[in-house]
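Structure first, commentary second.
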Amino acid sequence: MSLTINEVKSKYESSIMKIEGVVSLGIGKGRNNKPAIIIGLREKNKDTMDLLPSELEGYQVEIKILGTIRAN
């Protein structure tokens, strides 16, 4: 039985959030309006981007450059 996108996100969240430059991990719509796991980065960095997957267990991964995220 395959995992839901929420289960896949939960499964990989801890390891992805440990990667330097990653500021968020969420679920949204990717290419062709399909469900995707969205990884937010502080800045565009080739070394960081090379560490990130293009898909996780069949779900596409989208990378967004968000900048620094601060709580108000």
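No lab work stands behind these numbers, since they all come straight from the coordinates. Nothing here was measured: the structure is a model prediction, and the numbers come from that model. With ideal geometry, Cβ positions are generated from the backbone for all residues, glycine too; neighbour counts draw on all protein chains shown.
Tell me the label only: which of [x] 40, 34, 22; [y] 37, 26, 24; [z] 63, 26, 24 is Cα extents along the principal axes in Å as calculated from this structure? Correct label is [y].
For the chain, take the longest principal axis of its alpha carbons; what is the angle in degrees between that and the long axis of helix 5-17, to the nearest 10 within 0 to 90? The angle comes out near 30 degrees. Mean residue ellipticity at 222 nm, helices only, the chain: -7500 deg cm²/dmol; runs of at least 4 DSSP H residues each add -39,500 (n - 2.57), and the sum is divided by the number of residues. Remark: the range 5-65 carries a charge dipole of roughly 240 debye about the Cα centre, counting +1 on each Lys and Arg Cβ and -1 on each Asp and Glu Cβ. Evaluated over the chain, the count of Lys pairs having alpha-carbon atoms less than 15 Å apart is 5 (only pairs 8 or more residues apart or interchain). Dipole orientation for the range 5-65: of the candidates 16, 36, 49, 36 has the Cα lying most toward the positive pole (charges on Cβ; Lys, Arg +1; Asp, Glu -1).
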